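This report concerns only the one structure given below.
The values are calculated or read from the model by the stated rules, or taken from the named source; none is laboratory data. Just so we're clear, the structure is a prediction, and the values are computed from it rather than from any experiment. Glycine also receives a Cβ, built like all others from the backbone with ideal geometry; neighbour counts cover every protein chain displayed. Just so you know, the surface numbers come from the protein's heavy atoms only, side chains and all, with ligands and any DNA or RNA stripped out. Shrake-Rupley method; radii C 1.70, N 1.55, O 1.52, S 1.80 Å.
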Amino acid sequence: MDLNLAGLNAVVTGGSRGIGREIGRQLAGEGCNVATFGRGETAVREAVAEYESLGVRAYGATLQGRDGDAVRAWTRAAAETLGGIDLVFANLSAGGGTGSPGYWRRNFEIDMMSAVRTVEEAMPFLERSRAPSILVMGSMASAETFVGPMAYNGIKAALTIWAQQLAQQLAPKGIRVNVVSPGPTLYEGSNWEMIRIARSRIFASAERRHPLKRMARPDEIARTAVFLASPAASWCQGANLLVDGGYSKRVPF
Amino acid sequence: MTIQRVTGQDFTKTPIDKAPTPDLGYEMIPKERYISADYMRKEWDRLWTKVWLLGCREDDIPEPGDYHVTSIGPEEILIARQADGSVRAFYNVCLHRGNRIMVGQGHAESFKCRYHHWDYNVDGTFRDIPDRETFPQGAPPCSGLSEVRCDTWNSFVFFSLNPDVEPLLDYLDPLPAHLDPYHFDRMVKIMDVTVEWDCNWKTSVDAFNESYHVQGIHPELLYFLDDYDIQIDCYDRHSRYLVPFVTLSKRVRETTELPHLIKHAMQEAEMDPADFDGQAREVRRALQQWKREHGPRLGLDYSDLNDDQLTDDYHYLIFPNLTLNTHADDLMLFRQRPHPTDPDKMYFDMYLFRLLKAGEERPDPPRNATYKHGEISLGLVVDQDAYNLPGVQRGMHSNGLPGLWIGDQELRIRHFHKVLADYVGE
């Protein structure tokens, strides 16, 4: 099966590590040019160098996801550098947090609005693309109570609903919109890595709740996301694909 | 990202210069020092009866007649506030037949032995000997209770069983210049707990004199402090290291979310972690600046402290047995005392002091409570140490252990043993 990604241009928000970094790696491996941003200058530089080493054009910037102007400027710069935008991966997240109403503003600006702003800026390019597609990173935690009452879960649900509505609105233009909802994912620099080291009992109990007794690797999420966004998934529109290794138990009839 | 530190150009009252690293070699430390009853006796004769030792806080005995009984090895010491405001200390034994006179702490008009009611004034002089006519030889030829040397520094009361001991400030040198800027008198005691641990007192001192074990038994601290890139300074008797807090160890990677201990440190200063968009290693400087800016509004006076002191652990050992985790807002003080007879046991005294806000009413300090190991939590980190130390002590007795193999990260242990040997000998 050919994903038909070669020669396309993708923007990935939040790609300095984890799932976003792996999405970029998979895309580059398929011959797709990649632009990304993150907070860590070194990590962004390393990501760009790696993607370029795989023979594609790559562009990276260091910025804060809360900075709306910076996100918009990055999207435009990415389009200019790569020569257009075919794929948008709205991947950035601030993660969870409790104990302050500030987390609602934080997840709204960083998770939700970075996606909205990137899609808005990318839209003129998507409309001209031969294979336009938007992939929104949701979460298993938007469909199942997880950790505790906090903004992260609710904002992930908002992202998912927004994506489904976008899918209906943009379908006539040939733009596909889909969601991947990963379960707990362990990678270098993930919150779960911190929990594994700093609070090993909590980690062990979270791992035991998985039928496969382990958490996802980022490549397992990224490959699914890249497939859903690729022309190979041409008939997927408004899908919300749960990729959690069987962690959640609900049967969505 | 290397840790940024205050430099000679920045404001500081506490000296920050790196002391020359002493050349103490790489010989094994004899394990017998930790397990031998003979060495323990030598420690009593040559160390505990020679040095200055912490007795109590000045605010444990604020009013004339207030007293506090503390112990060191086989001795008990009665510390009492005098009518003139000064503090004096005495062996807590009646000159009649040696009964213990006072217990714990409290207030008294006089110190009366409960056995035969020999009575002493707060200044230690004889007040009353019942049926004195039945002592044809008269009262003991001394004037009253046997006095020991006593002095105060920075809100703490010290005593010494050595009549010829040097002045307290000379003994503490150079630490008063380091620690006076913290103004411990502005802090209030909020915890006073003693726990009997199944290890030698030095096994405990060692545990707090190196950060090498953080990666071993305190993994949660890797997401709160730099356990590797720390400044170690050894002075004549005492030593310190400066541990950057509110950052990440080089052993772990940045994460998306701020670690919970870093969030907690921010929240303590009323800085909202949800509003901070930088990386975890950037919080330390930001929190320093925040506390500098907002401290006055919160009623917290940091004006004598440098920027690093607003976040970091300036960690001191006052030889032989006081460990001070010194922070801008609190002091975590450990006093490690030997058991009277058993080298495999000790008393771990843990005190917590918190900086009072301007205008905040000073609460009464808690009274000391004593427990056996495992009866009370001392907080996650000290619990981790407490759980570990009996195993270390047991291993010292093993034929499989020739001695202690000490590395550069444990320089303070080696320095401590050099000073110890200067007092006690090999």
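Observations
- A:Gln237 within 20 Å of A:Phe89 (Cβ to Cβ) and touching a Lys or Arg at 6+ places or on another chain (Cβ under 7 Å): yes
- If you go through region B:5-52 and keep only what is closer than 22 Å to B:Arg412 by Cα, β-branched (Val, Ile, Thr) and out of contact with any Lys or Arg (no Cβ under 9 Å at 6 or more places or on another chain), you end up with B:Thr14, B:Thr21, B:Ile35.
- Inter-residue pairs, beta-carbon under 9 Å, first within 14 Å of B:Met266 (Cβ to Cβ) and in region B:287-304, second among the β-branched types (Val, Ile, Thr), 6+ apart: B:Leu287/B:Val246; B:Leu287/B:Ile262; B:Leu287/B:Thr311; B:Gln288/B:Val246; B:Gln288/B:Thr311; B:Lys291/B:Thr311
- Evaluating A:Thr13 against the criteria (1) away from every other protein chain (no Cβ under 14 Å); (2) surrounded by 24 or more Cβ atoms within 10 Å (Cβ to Cβ) leaves one unmet condition, (1).
- Close pairs from region B:111-135: first among the charged types (D, E, K, R), partner open to solvent by 50 Å² or more (accessible area, probe 1.4 Å), Cβ under 6 Å, at least 6 apart: B:Asp119/B:Lys112; B:Asp119/B:Arg127; B:Asp119/B:Asp128
- Some residue of region B:190-198 being within 30 Å of A:Gly20 (Cβ to Cβ), surrounded by fewer than 23 Cβ atoms within 10 Å (Cβ to Cβ) and charged (D, E, K, R): no
- Among residues of region B:173-217 being assigned to a loop (DSSP other than H, G, I, E, B) and of a type in the set (D, E, K, R), the one that is nearest to B:Lys31 (Cα to Cα) is B:Asp198.
- Filtered residues of region A:210-239 (kept if within 15 Å of the chain's Cα centre (by Cα) and among the aromatic types (Phe, Trp, Tyr)): A:Phe227
- Scanning region A:197-209 for residues that are in a helix (DSSP H, G or I) and either more than 9 Å from chain B (Cβ to nearest Cβ) or under 22 Å from the mean Cα position of the chain (by Cα) (or both) yields a total of 8.
- Hits in region B:1-29 - residues which are within 26 Å of the chain's Cα centre (by Cα) and buried (at least 16 other Cβ atoms within 10 Å of the Cβ): B:Val6, B:Thr12, B:Thr14, B:Ile16, B:Ile29
- Within region B:145-172, the set of residues being of a type in the set (Ser, Thr, Tyr), surrounded by fewer than 19 Cβ atoms within 10 Å (Cβ to Cβ) and not in a loop (DSSP other than H, G, I, E, B) comprises B:Thr152 only.
- Residue within region A:240-252 that is under 19 Å from the mean Cα position of the chain (by Cα), within 14 Å of another protein chain (Cβ to nearest Cβ), open to solvent by 20 Å² or more (accessible area, probe 1.4 Å) and under 30 Å from A:Ala6 (Cα atoms) present: no
- Per-region count, region A:75-114, residues crowded, with 16+ Cβ neighbours inside 10 Å, of a type outside the set (Lys, Arg) and within 14 Å of chain B (Cβ to nearest Cβ): 17
- Selection within region B:119-143 - farther than 22 Å from B:Arg57 by Cβ, touching a strand residue (DSSP E or B) at 6+ places or on another chain (Cβ under 7 Å) and of a type outside the set (Ser, Thr, Tyr): B:Asp119, B:Asn121, B:Phe126, B:Arg127, B:Asp128, B:Ala139
- Residue that is surrounded by the fewest Cβ atoms within 10 Å (Cβ to Cβ) [pool: residues in region A:115-172 that are part of a loop (DSSP other than H, G, I, E, B) and in contact with a Lys or Arg (Cβ under 8 Å, 6 or more places away or on another chain)]: A:Glu144
- Breaking point among (1) part of a loop (DSSP other than H, G, I, E, B); (2) touching a Lys or Arg at 6+ places or on another chain (Cβ under 8 Å); (3) open to solvent by less than 40 Å² (accessible area, probe 1.4 Å), for A:Tyr187: (3)
- Candidate set from region A:176-185 (those that are more than 12 Å from chain B (Cβ to nearest Cβ) and touching a Phe, Trp or Tyr at 6+ places or on another chain (Cβ under 8 Å)); member that is nearest to A:Leu166 (Cα to Cα): A:Gly183
- Enumeration of residues in region B:197-241 that are in contact (Cβ under 8 Å) with a residue 40 or more places away in the chain, of a type in the set (A, V, I, L, M) and within 14 Å of chain A (Cβ to nearest Cβ): B:Ile217, B:Leu221, B:Leu225
- Residues considered: B:Val188, B:Val193. Of these, the only one that is in contact with a Ser or Thr (Cβ under 9 Å, 6 or more places away or on another chain) and either under 28 Å from B:Asp45 (Cβ atoms) or touching a residue at least 12 places away in the same chain (Cβ under 8 Å) (or both) is B:Val193.
- Condition check for A:Glu46: over 17 Å from A:Gln26 (Cα atoms) and out of contact with any Asp or Glu (no Cβ under 7 Å at 6 or more places or on another chain): no
- Looking across region B:271-301, the residues that are part of a loop (DSSP other than H, G, I, E, B) and either within 11 Å of another protein chain (Cβ to nearest Cβ) or buried (at least 22 other Cβ atoms within 10 Å of the Cβ) (or both) come down to B:Met271, B:Asp272, B:Phe276, B:Asp277, B:Gly278, B:Gln279.
- Scanning region B:252-270 for residues that are in contact with an Asp or Glu (Cβ under 9 Å, 6 or more places away or on another chain) and either facing chain A (nearest Cβ under 7 Å) or part of a loop (DSSP other than H, G, I, E, B) (or both) yields B:Val252, B:Arg253, B:Thr255, B:Pro259, B:Ala269.
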